[in-house]
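Engineer: Handing you this structure, nothing more for now.
Quick note: the coordinates plus some simple rules give every number you see, no bench work behind them. Predicted model only: the values in this text are computed from it and were never measured. Here the Cβ is made from the backbone with ideal geometry for all residues, glycine too, and neighbour counts use every protein chain on show.
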Amino acid sequence: MLIRPHDAPIEPDREWRDLVGRHRFGHLIAPGAGRDLPVVVPTHIHFDGATTIRLHLAKPNPVWAALTENPRCMFVVTAPFTYVPTSWEAPPGTAPEWGIPTSHYATAQLECTARITDDSYDIRRTLADQLATMQPEEPFGSPLDPDVPYTAELRQIRGLELTVEAVRAKFKFDGSETDDVRRQVVDGYQRRDLPGDAEALDHLIRRHPPT
């Protein structure tokens, strides 16, 4: 993807990790070998905050064949994503209907090597980590409990560990615009308040605060 200097991470070692840690859902993309198209799987994950992602998927999932052919894969997280209309982007004093609209988004494309596991303990540990990640304030039985009641279901899934080896991250939030335009965008987000607007506004103010 195209990453212009003003859209690049300000803190390369932290910013993408914060994004993935906050948004624990993305797309696993496995090219396999000799395929016309990759296998793409939307899924929740557990991210350890450093370089390891763990997840589980059903055994019939076609991604296993692709990862067996080639363990190299990508995991992509994109959030938030918003539409910025013409009037917000029109320079002050110009016709608002002729502003150039844009999209705002944060994304991390993680280059990974996959390790598949059918080990019962590894799968249970992955489930425990995912439950703790996804519902920290909700009660759940530990999958590590030997008396877990869903042993039949455990036999129907496999575990997957992704080691993150390289990252391409982009934070597109009007970094090239003037303060006048950015102030309009800030006002627009505050008035519109659609899903994703508050988080996009936080990114804009954090990265490019209008003076």
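Engineer: Given a Förster radius of 41 Å and the C-beta distance between Leu2 and Asp119 as r, what FRET efficiency does 1/(1 + (r/R0)^6) yield to the nearest 0.05?
Structural biologist: In this case the efficiency is close to 0.50.
Engineer: Treating only the Cβ of Lys, Arg, Asp and Glu as charged (+1, +1, -1, -1), what charge dipole size does the range 2-70 show about its Cα centre? Round to the nearest 20 debye.
Structural biologist: 240
Engineer: How much length would be gained if the chain were fully extended between Asp36 and Thr211, taking 0.36 nm per residue of separation minus their Cα-Cα distance, in nm to one decimal?
Structural biologist: Working it through step by step, the gained length comes to 58.1 nm.
Engineer: In addition: So what does the Cα-only Debye profile of the range 5-207 read at q = 0.08, 0.14 Å⁻¹, as log10 I(q)/I(0), no solvent term?
Structural biologist: Values, matching the q order: -0.37, -0.88.
Engineer: Ranking Lys59, Lys172 by Cβ neighbours within 10 Å, fewest first, what do you get?
Structural biologist: Listing Lys59, Lys172 from fewest to most nearby Cβ atoms yields Lys59, Lys172.
Engineer: Multiply the residue gap between Thr94 and Asp48 by 0.36 nm, knock off their C-alpha separation, and tell me the result in nm, one decimal place.
Structural biologist: Full extension from Thr94 to Asp48 adds 11.8 nm.
Engineer: While we're on this one: With a ≥ b ≥ c taken as the square roots of the eigenvalues of the C-alpha gyration tensor of the range 127-211, please select rounded if a/c is under 1.5 and otherwise prolate if a/b is larger than b/c or oblate if it is not?
Structural biologist: The shape class here is prolate.
Engineer: Can you work out the FRET efficiency for the pair Asp193 and Phe25, with r the C-beta to C-beta distance and R0 = 25 Å, to the nearest 0.05?
Structural biologist: My answer for the efficiency is 0.65.
Engineer: Another question, if that's okay. If the chain between Ala58 and Asp180 were fully stretched, how many nm would it gain, using 0.36 nm times the residue separation less the Cα-Cα distance?
Structural biologist: Gain in length upon complete extension: 38.8 nm.
Engineer: Treat every Asp and Glu Cβ in the range 97-211 as -1 and every Lys and Arg Cβ as +1, leave all other atoms uncharged, and give the resulting dipole magnitude about the Cα centre to the nearest 20 debye.
Structural biologist: 320
Engineer: Only helical DSSP H runs with n ≥ 4 go in: add -39500 (n - 2.57) per run for the chain, normalise by residue count and round the 222 nm mean residue ellipticity to 500 deg cm²/dmol.
Structural biologist: Result for the chain: -8500 deg cm²/dmol, rounded to the nearest 500.
Engineer: Right, another one. Explain nothing, just the number: dipole magnitude of the range 5-207 about its Cα centre with +1 on each Lys and Arg Cβ and -1 on each Asp and Glu Cβ, in debye rounded to the nearest 20.
Structural biologist: 400
Engineer: With a 10 Å Cβ neighbour count serving as the proxy for reagent exposure, in which order, fewest first, do Glu161, Glu137 appear?
Structural biologist: Ordered by Cβ neighbours within 10 Å, fewest first: Glu137, Glu161.
Engineer: Using alpha-carbon positions, what is the distance between the centroids of the range 20-58 and the range 142-206, in Å?
Structural biologist: 14
Engineer: Based only on other Cβ atoms within 10 Å, what is the fewest-to-most ordering of Tyr105, Tyr150, Tyr83?
Structural biologist: Going from least to most buried by this count: Tyr150, Tyr83, Tyr105.
Engineer: Let me ask something else about it. I'd like to know which of Ala198, Phe171, Pro136 lies farthest towards the positive end of the charge dipole of the chain, counting +1 on Cβ of Lys and Arg and -1 on Cβ of Asp and Glu.
Structural biologist: Towards the positive end, the residue furthest out is Phe171.
Engineer: Go ahead and run the numbers for FRET between Glu11 and Gln135, Cβ-Cβ distance against an R0 of 45 Å, rounding to 0.05.
Structural biologist: 0.95
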